[in-house]
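The values are calculated or read from the model by the stated rules, or taken from the named source; none is laboratory data. All figures in this text were calculated on a predicted structure; none of them were measured in a lab. Note that each Cβ is placed from the backbone with ideal geometry, even for glycine, and that neighbours are counted across all protein chains shown. Note: areas computed on protein heavy atoms with side chains; ligands, DNA, RNA excluded. Shrake-Rupley method; radii C 1.70, N 1.55, O 1.52, S 1.80 Å.
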Amino acid sequence: MISFKHPNLFRPNSRPTSPNPPSRPEPVMVLERTSRPLTKLSFSGFKRSSSSVSVSSPPPTLLVQDGSYLQALSLKLSEAVSKAMVQPTGPVPVGELLGGRRPIPTGRGRALGLLIASELKACQNNPHLHKAILRSLHRPLSVLLSNLSALLLPLLSSPAFLSSPAPTVQAPNPNATQLHALAAAGFAGELLESFDEMSLGLDNDARGDGLKAIREGLVSLIGRVVNPLIAAIQSELVPLLESLENSVAVTVPKTGTKALHPSIVSLQALVPVYARALARYTTTLPSQTTLATFLISIIWRALVAFANRPQMKPSQPTSPLGSPQLAPLTKRQRAISDNISPVTPSPTRFALKLPPSRPSSPPNISVTPSAAADARALHELIVLLPRPFAQCDATRVAREAVDEALSDLTALATLLENIENPMFKVGKSYEAILEEIERITADLPTLIALPVLLRYSRLTNESPSIPPVSSIIDVSEDEYRKNCLSGFGRAEQCSSIVGHSVLDFLLVQGGLQSLVAQWLANRVDVVDH
């Protein structure tokens, strides 16, 4: 009885009918856990679960209907916009603190743009969800634009922003107010780069993404910051460029030192400072148009100044200070010298003759810098300034326009070098000279090359009585420059009318025998036999 009630009392535990369950050693568990991918343990794996589904196949309709994904995305975008405006931590660089705040760090606008791009790319196969995400962008981006505008309003109205906007050699860096404004403009530019990559805000149709107002607001924000700073540099350069029209005699050593206009010397110190400042101002894509307009404007001012500078022969070298004048003696001086007894010794005869303590400085000469040398020097300085991006499709046309303006400055320098060279006509026929001038001025505006050639005719006595262009067309010089020489486009529009008027005047003077008349006739395609 006892044996039946307790069958396992005297039996071993390892009988074959009831085997023990297999033991699982702990190292195997560790190996299995470590073999799992790390992405499943990160928060990004949970966040991207719906996105990964939308890339491989269209997302389920439940995701759109219940609105949980869009609600989470709206919260995520609002949080990203708030973090973009949060003050950075860490040590404060010198000169960046303004009212206890630091400027927006570089890269935050790009990070926000990448977040928007990742969400849009994840649902690119689902047009309904894609449109829903675009609609969810309106509110956080509108809040962001309002925050940026509120941040810029006190900065742009501050006297520190407009008091000394142009950098100088003594203060080449922007002040704290300008740094904060440039940081906000850089943030907007980084976000616009993401807009360009995703083609957002380009559609005028109300049924599009509806982000055109956001794009225009960001572009306007950048212009409010960058345009005054570039205009300040332009206001400093324009007087120096306009003064290049006046011929000024300068004193240089007689050791072969190159004579340059005083304005060119001033520009040699300022242009490197302006180049660094412009590179800092024009990091965004919308600012490239302002940069191109600035460069074309200053190049045009230089072309007008060099084309209308009167050509003067360099003055004779002046005698160094303290040197005796080797002039012939007058009759009175000769009589006095004859009365001096030849046996009377000179007082300097008994003086101790010592070698000079230092060699005498080379004598200085007064020369007038040539317009060609100044044009070459200015071209070398303008090349130092930043130019619009050549690799970007949006700025390629602006870059080509700036390059063409620089080539015009080079062509004018070449024309001035040949005109100022007295050996230019030696050994050449009339046809060869005309062909050479037409080759040099092929791409040069007509109203820029015309005063240079008219001045050349006066100097060569070919047509010594030719007045200036403004007198030929019977307008004042100021009115002529305001209406005809305000820019490249306006000069091209007026070149035909002005060219015909000057050509008619030259035909009355001497027909087509003069070189400038033949050149102008070929230029305006009017040859009157």
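Looking only at the stretch 362-395, which residues are of a type in the set (Lys, Arg) and under 13 Å from the mean Cα position of the chain (by Cα)?
Selection gives Arg387 alone.
For a quick check of your reading of the model, give me the residue pairs whose first member lies in the stretch 482-499 and is closer than 20 Å to Leu406 by Cβ, whose second is open to solvent by less than 60 Å² (accessible area, probe 1.4 Å) and small (Gly, Ala, Ser), with beta-carbon atoms closer than 8 Å and at least 6 apart or on different chains.
Qualifying pairs under 8 Å: Leu485/Ala491; Gly487/Ser297; Phe488/Ala405.
Determine whether the stretch 424-433 contains at least one residue that is in a helix (DSSP H, G or I) and crowded, with 17+ Cβ neighbours inside 10 Å.
No: the stretch 424-433 contains no residue that is in a helix (DSSP H, G or I) and crowded, with 17+ Cβ neighbours inside 10 Å.
In the stretch 145-169, what residues are outside any helix (DSSP H, G or I) and without any contact (Cβ under 8 Å) to a residue 12 or more places away in the chain?
Within the stretch 145-169, Ser157, Ser164 qualify.
Considering only the stretch 79-99, I want to know if a residue exists there that is in contact with a His (Cβ under 7 Å, 6 or more places away or on another chain), of a type outside the set (Asp, Glu), open to solvent by less than 20 Å² (accessible area, probe 1.4 Å) and more than 20 Å from Leu211 (Cα to Cα).
Checked the stretch 79-99: no residue is in contact with a His (Cβ under 7 Å, 6 or more places away or on another chain), of a type outside the set (Asp, Glu), open to solvent by less than 20 Å² (accessible area, probe 1.4 Å) and more than 20 Å from Leu211 (Cα to Cα).
Just to be sure, is Ser142 of a type outside the set (A, V, I, L, M), part of a helix (DSSP H, G or I), open to solvent by less than 60 Å² (accessible area, probe 1.4 Å) and out of contact with any Gly (no Cβ under 7 Å at 6 or more places or on another chain)?
yes
Consider the stretch 189-220. How many of its residues are of a type in the set (Gly, Ala, Ser) and either in a loop (DSSP other than H, G, I, E, B) or within 24 Å of Val94 (Cα to Cα) (or both)?
5
Residues checked against (1) surrounded by 20 or more Cβ atoms within 10 Å (Cβ to Cβ); (2) in a loop (DSSP other than H, G, I, E, B):
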| position | (1), (2) |
| --- | --- |
| Cys392 | no, yes |
| Arg399 | no, no |
| Ser407 | no, no |
| Asn418 | no, no |
| Glu438 | no, no |
| Leu447 | yes, no |
| Leu450 | yes, no |
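Conditions tested, residue by residue: (1) touching a helix residue (DSSP H, G or I) at 6+ places or on another chain (Cβ under 8 Å); (2) under 19 Å from Ala231 (Cα atoms).
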site	(1), (2)
Leu129	yes, no
Ser136	yes, no
Leu145	yes, no
Pro154	no, no
Thr168	yes, yes
Asn173	no, yes
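With respect to Leu450, determine if the residue is under 16 Å from Ile419 (Cβ atoms) and at pLDDT 90 or above.
Criteria met by Leu450.
Mind checking which residues of the stretch 374-402 are within 23 Å of Leu240 (Cβ to Cβ) and not hydrophobic (A, V, I, L, M, F, W, C)?
Asp374, Arg376, His379, Glu380, Pro386, Arg387
Pick from Gln268, Gln234: which is under 30 Å from Pro363 (Cβ atoms) and either modelled with pLDDT of 95 or more or not charged (D, E, K, R) (or both)? Walk me through it before giving the result.
Numbers: Gln234 fails: under 30 Å from Pro363 (Cβ atoms).
Going through Gln268, Gln234 in turn, just one is under 30 Å from Pro363 (Cβ atoms) and either modelled with pLDDT of 95 or more or not charged (D, E, K, R) (or both): Gln268.
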